[in-house]
Amino acid sequence: GAVVSQHPSWVICKSGTSVKIECRSLDFQATTMFWYRQFPKQSLMLMATSNEGSKATYEQGVEKDKFLINHASLTLSTLTVTSAHPEDSSFYICSARAPRGNTGYTFGSGTRLTVV
Amino acid sequence: SQQGEEDPQALSIQEGENATMNCSYKTSINNLQWYRQNSGRGLVHLILIRSNEREKHSGRLRVTLDTSKKSSSLLITASRAADTASYFCATDGVSGNTPLVFGKGTRLSVIA
């Protein structure tokens with residue numbers, strides 16, 4: 001139980017285009033989702049906290065106009081990288097509080113974004 | 001934001017040897033978790049230790065937690081080549097509905 005499905009698993013896009021990443025909670029309602037970014041050989045850095053029905057909370061240094069987060073329903077949160085540039089190439093992963101299970105959190109499988 | 005340091009940043013050992021990774025954190029926690037990540041892949045949850053626990057075992061894994069020093073260690077015994085991966089600690093804060101905060105990680109290479 002408590003699965004988060006993240007799509008796409010990888011995407012290549014041209015500079016200047018926008019890319020949308022979706023995270024769906026499959027068997028539970030996720031009022032809050034967390035978005036992380038991971039550069040090669042580095043750790044996961046929290047980008048923002050997404051709350052259903054309200055504006056996301058962004059971490060310091062993360063541009064909210066560049067990384068648009070929408071959490072319109074209890075089962076879907078999306079991250080849109082707008083006007084992507086090569087420096088946005090990274091691994092993006094979402095997470096949600098799981099309603100059961102001893103970890104308390106469940107993670108999507110991640111999206112590898114490459115901007116060319 | 002990140003909680004703190006993990007050491008070593010990279011560790012290379014021979015198959016069959018034990019691997020020890022350390023993690024330090026800064027704030028009060030509800031629990032601390034260890035995750036594994038193979039290159040370019042998602043996270044695999046390994047083990048969770050609660051703030052009132054001092055040691056926990058799971059198969060070849062042994063985790064310790066010292067809340068007075070705000071530190072934890074992960075020991076992998078009798079390592080295998082398949083254990084080659086990055087290992088991260090992550091802390092769950094005492095406030096509700098907060099995200100996991102990850103350490104910088106240790107890249108473990110187990111040489112067959």
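The values are calculated or read from the model by the stated rules, or taken from the named source; none is laboratory data. Nothing here was measured: the structure is a model prediction, and the numbers come from that model. When we count neighbours, we look across all protein chains shown, and the Cβ atoms used for this are built from the backbone with ideal geometry, even at glycine. To get the accessible areas, we keep the full protein, side chains included, count just its heavy atoms, and leave off ligands, DNA and RNA. Shrake-Rupley method; radii C 1.70, N 1.55, O 1.52, S 1.80 Å.
Which of A:PRO86, A:PRO40, A:PRO99 moves the most in a Gaussian network model of chain A with Cα springs under 10 Å? Looking only at A:PRO86, A:PRO40, A:PRO99, the biggest GNM fluctuation is shown by A:PRO40.
For the peptide B:61-74, the mean number of other protein chain Cβ atoms found within 10 angstrom of a residue's Cβ is 0. Applying 0.36 nm per residue to the separation of A:LEU68 and A:THR31 and subtracting their alpha-carbon distance, the gain on full extension is 11.6 nm.
Once C-alpha pairs closer than 8 Å and six or more residues apart are averaged by separation and normalised to the residue number of segment A:74-113, the relative contact order reads 38 percent.
Most mobile of B:ASN97, B:ASN30, B:ASN38 per a Gaussian network model of chain B (Cα springs, under 10 Å)? Highest fluctuation among the options: B:ASN97. All alpha carbon pair distances within segment B:62-110 were sorted into 5 Å bins beginning at 0; the resulting P(r) in whole percents reads 5, 16, 21, 24, 17, 10, 5, 2. Modelled spin-label separation between A:GLN60 and B:SER68, with each label point placed 7 Å from Cα along the Cα-to-Cβ direction: 3.2 nm.
Backbone N atoms of segment B:36-61 closer than 14 Å to the 7 Å Cα→Cβ label point of B:LEU75 belong to residues B:54-61. With all protein chains in place and a 1.4 Å probe, the accessible surface of the protein assembly as shown carries 48 percent carbon and sulfur.
Note on B:ASN30 and A:HIS85: their simple-model spin labels are 3.8 nm apart, each label 7 Å out from Cα toward Cβ. Rounded to 0.05, the FRET efficiency of the B:ASP7 and A:SER109 pair, given R0 = 25 Å and the Cβ-Cβ distance, is 0.30. The Rg/Rh ratio for chain B, using Cα coordinates for both the radius of gyration and the Kirkwood hydrodynamic radius, is 0.96. Heavy atoms of chains B and A lose about 1700 Å² of accessible surface on contact, summed over both sides with a 1.4 Å probe.
For chain B, the relative contact order comes to 38 percent (Cα pairs under 8 Å, sequence separation of at least 6). Along each principal axis, taking the top coordinate minus the bottom one, the Cα set of segment A:9-85 gives 34, 24, 23 Å in descending order.
Computed across the protein assembly as shown, the Kirkwood hydrodynamic radius from all distinct Cα-Cα pairs reaches 18.1 Å. Longer than 29 Å from Cα to Cα, which of B:LYS26/B:LYS56; A:LYS66/B:LYS104; A:LYS41/A:LYS64; A:LYS64/B:LYS104; A:LYS55/B:LYS56 are they? Say none if no pair is. Beyond 29 Å between Cα atoms: A:LYS55/B:LYS56. Think of each Lys and Arg Cβ as +1 and each Asp and Glu Cβ as -1; about the Cα centre, that makes the dipole of chain A roughly 140 debye.
The aspartates and glutamates within cross-link reach of B:LYS70, meaning a Cα-to-Cα straight distance under 16 Å and a gap of 8 or more places when in the same chain, are B:GLU5, B:GLU6, B:ASP7, B:GLU53, B:GLU55, B:ASP92.
The value of relative contact order for chain A, using C-alpha pairs under 8 Å at least six residues apart, is 37 percent. Exposed loop sites are taken as trypsin sites (Lys or Arg not before Pro) in a DSSP loop (any state but H, G, I, E or B) with at most 15 other beta carbon atoms within 10 Å; the longest stretch of chain A without one runs A:67-99. The Cα center of segment A:56-115 and the Cα center of segment B:61-112 differ in position by 23 Å. Estimated from the Cβ-Cβ distance and a Förster radius of 45 angstrom, the FRET efficiency linking A:CYS13 and B:GLU53 is about 0.50. Ordered by solvent-accessible area of protein heavy atoms (1.4 Å probe), largest first, the residues A:HIS7, A:HIS85 come out as A:HIS7, A:HIS85.
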